[in-house]
Amino acid sequence: MIFAPAQPSEFPAIVELVNSAYRGQGAQAGWTTEAGYIDGQRIDLESLKEDLAASPSAVLLTLRDEDGGPLLGCVWIEPDAEVPEGDAQKGDAWYLGMLTIRPDLQDRQLGRALLAHGEAYAQGLGAKRVRMTVVHLRDTLIAWYQRRGYALTGETKPFPVGERFGKPQRELSFVVLEKAL
């Protein structure tokens, strides 16, 4: 597998990949889809570019097979600016998000490999722990992360109002998970 920081020329393919995984429906939906409770896109090209420009320390990693073929996955990592005040180890936490694997390949254990690579990449940049947010309804996904060493912190965050990440069909929130590296 080839892991590499995303290049601007890959951004349209990343947007397509992320939307297919997060909002895919029917035969094109993987087990990670949120289409049952969030309408609309997960991301668009402009917001991806804006997010990267606003977070110069962020890295969007991509995953491809050894032959360098089509994009198989991506993951976002960056220093976590939203660690609660009073956390004695505030500077050593990194945020991991947008972990995405092509829906038709979600049975190849690529998600574990990409997650592990994202964690190792962050650790190489000084991270001692990784934090993430997951929609509170995603019990199966939360359990998947827990099997990989993440624990619920007890923190919750509101789901953004508006249509920036899609339009929720019901009231949603995020739970925060964390893993020591």
Pair list, Cβ < 9 Å and 6+ apart or interchain, from the range 31-44 residues that are at positive phi to residues that are at pLDDT 80 or above: G40/R23; G40/K167
Residue ID - farthest from L141 (Cα to Cα), chosen from residues in the range 23-47 that are at pLDDT 85 or above and assigned to a helix (DSSP H, G or I): E46
Long-range neighbours under 6 Å by Cβ, at least six apart or interchain, first residue in contact (Cβ under 8 Å) with a residue 24 or more places away in the chain and under 14 Å from V134 (Cβ atoms) within the range 146-170, second open to solvent by less than 90 Å² (accessible area, probe 1.4 Å) and of a type in the set (F, W, Y): K157/F174
Number of the condition not met by L152 [criteria: (1) open to solvent by 20 Å² or more (accessible area, probe 1.4 Å); (2) within 20 Å of M1 (Cα to Cα)]: (2)
Residue within the range 163-180 that is in contact with a helix residue (DSSP H, G or I) (Cβ under 8 Å, 6 or more places away or on another chain), farther than 24 Å from F3 by Cα, of a type outside the set (S, T, N, Q) and open to solvent by 20 Å² or more (accessible area, probe 1.4 Å) present: yes
Qualifying residue in the range 93-103 (condition: open to solvent by 70 Å² or more (accessible area, probe 1.4 Å), at pLDDT below 95 and not small (G, A, S)): no
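The values are calculated or read from the model by the stated rules, or taken from the named source; none is laboratory data. Everything numeric here is computed off the predicted structure, so don't read it as measured data. When we count neighbours, we look across all protein chains shown, and the Cβ atoms used for this are built from the backbone with ideal geometry, even at glycine. All accessible areas refer to the heavy atoms of the entire protein, side chains included, with ligands and DNA or RNA removed. Shrake-Rupley method; radii C 1.70, N 1.55, O 1.52, S 1.80 Å.
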